[in-house]
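Notes follow once the structure below has been shown.
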Amino acid sequence: MSLRLTVCNEKKKWDDFVETSPQGNIFCTTQFLDALREDYDMLLIEKNNQLKMGAIILKQNGNLLKAPYPFTMYQGILFDNSIYNMPRHRRVKVVLEITQYLLACLKEYYNCISFCLHYNVDDLRSFQWFNYHEPQKGQFLITLRYTGILDLSTWESFDQYLLNIRTVRRQEYNHFKSRKFTLALSNDIDILDNLHDKTFGRQGIERKAEEVRLLRSITSTALAKEYGQLLVCRTPEGIPISATVFLYDNRCGYYMFAANDPGYRKTGCGTYLMLENIRQCKEKGLLKVDMVGINSPGRGDFKTSFNAVQVPYFIVHWEKPA
């Protein structure tokens with residue numbers, strides 16, 4: 001297989017590729033990557049001038065950053081859709097060869113390789129076999145994580161969907177509807193930031209300056225570029241008590257940020273916001289909702305209570321031995 005690795009300098013070419021790749025997702029688009037305000041390379045592998053694979057490399061001061069970058073997912077390798085149209089016996093061979101070629105190229109230029117792989121990447125043998133016969137040169141550490149995926153195509157009406165979620169969520173939803181709270185879109189990032197600070201404060205956690213910067217930058221960019229929305233719940237007096245940020249690509253909605261005033265946790269506002277976002281994702285014609293990780297006990301249980309299915313994904317990391 002004659003392959004060639006290049007650096008892509010055309011944002012539209014890259015974004016068009018991401019949009020059609022089976023591993024394509026909002027976190028790999030240039031508009032999202034630009035919001036991180038870090039250096040990044042978009043690598044392409046071609047065969048006979050036909051695009052076969054892409055990969056995202058995040059850098060800081062010339063050094064590769066360890067995956068996953070805060071508040072991001074699936075910044076790893078992406079395959080062209082033509083590969084997934086192959087018979088499986090051919091596709092498996094091609095995927096292995098292209099991935100091994102990418103890794104062989106990267107280890108010549110970098111002292112580490114780090115990816116958060118999309119859950120559609122289901123064959124990790126290229127990473128397991130890396131330096132297989134020379135283990136002293138370092139091998140990949142492969143870490144298992146989970147996200148929750150809600151398939152929006154399994155129900156026709158929102159009422160039908162409500163019947164399949166956890167009973168307590170349905171009760172919270174109905175209880176909230178009976179009260180005089182309001183729900184509306186907002187561009188006021190200060191509301192999200194303040195509620196986010198209260199959410200962490202209730203847990204005795206002080207937010208890092210970098211986390212605050214990313215929350216504000218990711219949200220403001222998504223609102224400005226119109227690939228996300230900030231939904232805010234208020235009391236009858238107009239006090240904001242809960243907020244969520246959902247991001248969107250052409251296939252999926254992503255549950256990005258959520259924040260609540262601890263004094264109003266028992267109102268069911270968090271549940272109502274989640275369900276309203278899910279309803280709107282269905283209205284937009286999206287195929288699924290990604291809960292963006294279910295890897296902590298409390299938040300993971302909350303997310304799966306909306307009937308999301310646990311789906312594994314992997315983080316792979318290699319460092320060249322000193």
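Observations on the structure shown:
- Some residue of segment 144-151 being over 30 Å from W318 (Cα atoms) and surrounded by fewer than 16 Cβ atoms within 10 Å (Cβ to Cβ): yes
- Any hit, segment 87-110, residues being crowded, with 22+ Cβ neighbours inside 10 Å, of a type in the set (F, W, Y) and not in a helix (DSSP H, G or I): no
- Boolean, Q139 is more than 24 Å from R279 (Cβ to Cβ), at pLDDT 95 or above and either surrounded by fewer than 18 Cβ atoms within 10 Å (Cβ to Cβ) or out of contact with any strand residue (DSSP E or B) (no Cβ under 6 Å at 6 or more places or on another chain) (or both): yes
- Of all residues in segment 1-19, those that are part of a helix (DSSP H, G or I) have Cβ atoms under 9 Å from Cβ atoms of residues that are buried (at least 16 other Cβ atoms within 10 Å of the Cβ) and among the small types (G, A, S), 6 or more apart or on another chain, in W14/G54; F17/G24; F17/G54; V18/G24; V18/G54.
- Cβ-Cβ under 7 Å pairs, at least 6 apart or on other chains, segment 145-158 side hydroxyl-bearing (S, T, Y), far side in a strand (DSSP E or B): Y146/Q310; Y146/V311; Y146/P312; T147/D290; T147/V311; T147/Y313
- Residue in segment 207-222 that is assigned to a loop (DSSP other than H, G, I, E, B) and either in contact with a Pro (Cβ under 7 Å, 6 or more places away or on another chain) or surrounded by 14 or more Cβ atoms within 10 Å (Cβ to Cβ) (or both) present: yes
- Any hit, segment 248-268, residues being crowded, with 22+ Cβ neighbours inside 10 Å and over 29 Å from Y74 (Cβ atoms): yes
- For segment 20-49, a residue qualifies if it is part of a loop (DSSP other than H, G, I, E, B), over 20 Å from L96 (Cα atoms) and either touching a Gly at 6+ places or on another chain (Cβ under 9 Å) or in the same structural domain as E226 (by TED's automatic domain parsing) (or both), but none of them does.
- Verdict on L51 being more than 19 Å from I315 (Cα to Cα) and either out of contact with any Leu (no Cβ under 7 Å at 6 or more places or on another chain) or not basic (K, R) (or both): yes
- Across segment 214-241, the number of residues qualifying as touching a residue at least 60 places away in the same chain (Cβ under 8 Å) and either closer than 15 Å to D261 by Cα or not small (G, A, S) (or both) comes to 7.
- In segment 60-77, the qualifying residues are those that are hydrophobic (A, V, I, L, M, F, W, C) and out of contact with any Lys or Arg (no Cβ under 8 Å at 6 or more places or on another chain), and the one that is farthest from L141 (Cα to Cα) is F71.
- Residue within segment 5-13 that is surrounded by fewer than 20 Cβ atoms within 10 Å (Cβ to Cβ), touching a Cys at 6+ places or on another chain (Cβ under 8 Å) and either assigned by TED's automatic domain parsing to the domain that holds D249 or not basic (K, R) (or both) present: yes
- Segment 262-280, residues that are modelled with pLDDT under 95 and either acidic (D, E) or assigned to a loop (DSSP other than H, G, I, E, B) (or both): G268
The values are calculated or read from the model by the stated rules, or taken from the named source; none is laboratory data. Note that the structure is a prediction, hence the values are computed from the model and not measured. When we count neighbours, we look across all protein chains shown, and the Cβ atoms used for this are built from the backbone with ideal geometry, even at glycine.
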